[in-house]
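Everything below concerns the one structure shown next.
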Amino acid sequence: LADVLHDYNVRPLRLLEPSAGHGAFIGAFARKDVAVDVMAFEKDLLTGKILSCLYPDKKIRTEGFERIEKPFDGYFDAAVSNIPFGDMAVFDPAFSASEAPARRMATKAIHNYFFLKGLDAVREGGVLAFITSQGVMNSAMAYPVRQYLMNRSRLLSAVRLPNNLFTDYAGTEVGSDLVILQKDTL
């Protein structure tokens, strides 16, 4: 993903990784530009500690992405991640109290939440590139979320990945998509 974005002249100076895991995306983007300013979130305490040791010069936050502060809205050039998925609810008072039904709905499925919150965090013209479950693109329940995203971004690419892509790595066969959006609210 870092190579493809680099080939298309997407070279973020400020990178957000909202679900960093062991830091595969951090490493890939840092190899392209060692000076990239990274903020990464990893909710798991042990994984977050390991990530901090692997990337001591990056801003590693061992907490959930929902804890990102408002001043970081519109801050990042790109947000990239293999985001969590499922019908896990996310507690975010700003989303729950929003007048936008799609924002309230997004708190009910973590993958939808990550898309909307990630889009908030990138600057105008910034890129969001997430690997996610097929539920974002397929679910009838996610239609308001997709509509919300399309009203605030341009779809650059959507690729259906093979179901067995994560079998060796994660021991699961799940349908996944790579979705790349460019923020466009003007």
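At a glance:
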{"read-out": "Furthest towards positive pole of dipole, A158, G21, L45, structure part the chain, Cβ charges", "value": "A158"}
{"read-out": "Nearest-20 debye value, the chain charge dipole, Cβ charges on Lys, Arg, Asp, Glu", "value": "260"}
{"read-out": "Selected from L13, L119, L45 as most flexible by GNM, with the chain as the system and alpha-carbon contacts under 10 Å", "value": "L45"}
{"read-out": "Pairs beyond 24 Å (Cα-Cα), from K70/K183; K70/K108; K43/K70; K43/K108; K49/K183; K58/K108", "value": "K49/K183; K58/K108"}
{"read-out": "R0 of 25 Å, Cβ-Cβ distance L13-L155: FRET efficiency to nearest 0.05", "value": "0.55"}
{"read-out": "Most to least accessible of I83, I131 (protein chains only, probe 1.4 Å)", "value": "I131, I83"}
{"read-out": "Normalised contact order of region 62-122, rounded percent, pairs of Cα under 8 Å and 6 or more residues apart", "value": "42"}
{"read-out": "Nonlocal amide H pairs with G126, under 5 Å, H built at 1.01 Å", "value": "K183"}
{"read-out": "Accessible-area composition of region 73-121, carbon plus sulfur, in percent [1.4 Å probe]", "value": "60"}
{"read-out": "Residue-count net charge about C53 - beta-carbon cut-off 15 Å; Lys, Arg +1, Asp, Glu -1", "value": "+1"}
{"read-out": "Along principal axes, Cα extents of the chain, largest first, whole Å", "value": "39, 38, 35"}
{"read-out": "Additional length obtainable on full extension of the chain from K32 to S98, 0.36 nm per residue less Cα span", "value": "20.0 nm"}
{"read-out": "Average Cα contact separation per residue, region 66-186, under 8 Å, 6 or more apart, as relative contact order %", "value": "27"}
{"read-out": "10 Å Cβ shell holding at most 13 others, DSSP loop, GluC sites (Glu not before Pro): longest site-free stretch of the chain", "value": "100-172"}
{"read-out": "Accessible area expressed per residue, region 53-123, with surrounding protein chains retained (probe 1.4 Å, Å²)", "value": "49"}
{"read-out": "Neighbour cut-off at most 11 other Cβ (10 Å), DSSP loop, chymotrypsin sites (Phe, Trp or Tyr not before Pro), region 60-104", "value": "F91"}
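The values are calculated or read from the model by the stated rules, or taken from the named source; none is laboratory data. Values in this document were obtained by computation on a predicted structure and should not be read as measured data. Using ideal geometry, Cβ is built from the backbone for each residue, glycine included, and neighbour counts are taken over all protein chains shown. The area values use the complete protein model at the heavy-atom level, side chains included, leaving out ligands, DNA and RNA. Shrake-Rupley method; radii C 1.70, N 1.55, O 1.52, S 1.80 Å.
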